[in-house]
Amino acid sequence: MVAPLVSVVITNYNYGRFLADAVQSIAAQRYQLIEVIIVDDGSTDDSQKILQELKGTFQRRFERFSVLLLPENGGINAALNVAIAEVRGELVVIFDADDLLEQTHLETLVAALYQAHRADPSVTFSYSDCTLIDETGKRIQRGLSKPFDPQLIERESFLPRPSPIFSAVLKTFFPLPETSIEDPKHLLWKRICRAGNRGVYVQEPLFLYRIHDRNVSCIGDKIRAAQQSGLLEQPLHLSDYWPRA
């Protein structure tokens, strides 16, 4: 099989302090055929300056390194609508600007997806566990997802965002509504799974989920509270912390 082009899409809003590490983690992938599309959603910190510097540094590493600067903040779905329209790859990974990928993330999940898809064409995405890290990058604990269950996704948010999915499938759900009371990640996964798409679960921690005081999902406050209560001594199920609505 010829290796497919993977489009890694990043939306950013005022996460300038994390951007260099995020892009470096993509550049360090063992998997080589990657394009990077970053949409800055009207940041007011130094993100836009940092992005232009990163483009100059990394654009030769990737098949394409695209930076799109939006004039004002419109929210994550608005930024994703812009980004997904630019995708050229056969696969897409939507990646949060404050997180990191392990070096084997794409290599492992792309291989798992194609193997499962050959056996069952309804399998159109792959996903994994993660490692929780603090704001400085220190590893805290393992975060667990769950085996794929289309009924469970209606009740629990257990599918992580940085999961390779076929672009042709993902694009059928775009553009996304730009205002919603429901968590954007969970809403998108529910729509994908309701259409009959299935995922393959790789039980390895293949990305680093950063916990801090500005997590969009507010998971940071919940994880820190669990940590103070001694609940992080064992791996935790992220569905207990990710919002549903």
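Over the chain, give the accessible area per residue in Å² for a 1.4 Å probe, as an integer.
With the other protein chains kept in place, the chain gives 44 Å² per residue.
Write down the percent of antiparallel bridges among all DSSP beta bridges whose residues are both part of the chain, to the nearest 5. Could you put the intermediate results ahead of the total?
Working: 9 of 41 bridges.
That works out to approximately 20 percent antiparallel.
Percent of accessible area on region 27-94 owned by carbon and sulfur, 1.4 Å probe?
46
For residue 45, what residues show an amide H to amide H distance below 5 Å, using hydrogens built from the backbone and excluding near sequence neighbours?
Amide H to amide H, under 5 Å and 5 or more residues apart or across chains, residue 45 pairs with 14.
Could you work out how far apart the two model spin labels at residue 122 and residue 237 are, taking each label as a point 7 Å from the Cα in the direction of the beta carbon, and quote it in nm?
Spacing of the two 7 Å Cα→Cβ label points: 2.3 nm.
For the chain, modelled as a GNM with alpha-carbon contacts under 10 angstrom, which of 32, 234, 103 fluctuates the most?
The residue with the greatest mean-square fluctuation here is 234.
Report, by chain and number, residues whose modeled amide H sits under 5 Å from the one on residue 125, excluding near sequence neighbours (fewer than 5 apart, same chain).
Amide H neighbours of residue 125, under 5 Å, 5+ apart: 198, 200.
Can you tell me the dipole magnitude for the chain around its Cα centre, using point charges on the Cβ only (Lys, Arg +1; Asp, Glu -1), in Debye to the nearest 20?
Once rounded to the nearest 20, the dipole reads 460 debye.
Tell me whether region 25-147 comes out rounded, prolate or oblate; compute the Cα gyration tensor, take square roots of the eigenvalues as a ≥ b ≥ c, and use a/c under 1.5 as the rounded threshold.
Numbers: a/c = 1.65, a/b = 1.37, b/c = 1.21.
The shape class here is prolate.
For the chain, what does -39500 (n - 2.57) per DSSP helix run (n ≥ 4), summed and divided by total residues, give at 222 nm, in deg cm²/dmol to the nearest 500?
-9000 deg cm²/dmol
Below 17 Å, Cα to Cα, which lysines can residue 146 reach? Residues fewer than 8 away in the same chain don't count.
Straight-distance partners of residue 146: 185, 190.
Looking at the square roots a ≥ b ≥ c of the eigenvalues of the Cα gyration tensor of region 44-88, which shape do they give, rounded for a/c under 1.5, prolate if a/b is larger than b/c, or oblate?
Judged from the Cα gyration tensor, region 44-88 comes out oblate (a/c at least 1.5, b/c at or above a/b).
For a test of the definition: using alpha carbon positions, the gyration tensor, and the 1.5 limit on a/c, classify the chain as rounded, prolate or oblate. Each step should come with its number before you reach the end.
On the way: a/c = 1.29, a/b = 1.04, b/c = 1.24.
Rounded is the answer for the chain, as its axis ratio a/c remains below 1.5.
Check residue 133: other-chain or 5+ apart residues with amide H under 5 Å from its amide H, H built from backbone geometry?
140, 209, 210, 211
Given 56, 115, 157, which one lies farthest toward the positive end of the charge dipole of the chain, if we put +1 on the Cβ of every Lys and Arg and -1 on the Cβ of every Asp and Glu?
Among 56, 115, 157, the one farthest towards the positive end of the dipole of the chain is 115.
So, in nm, how far is label residue 178 from label residue 28 when the simple model puts each one 7 Å beyond its Cα toward the Cβ?
It is 3.6 nm.
The values are calculated or read from the model by the stated rules, or taken from the named source; none is laboratory data. Quantities reported herein were computed from a predicted structural model and do not represent experimental measurements. Cβ atoms come from the backbone with ideal geometry, glycine included; neighbour counts cover every protein chain shown. SASA here: full protein model, heavy atoms, side chains in, ligands and nucleic acids out. Shrake-Rupley method; radii C 1.70, N 1.55, O 1.52, S 1.80 Å.
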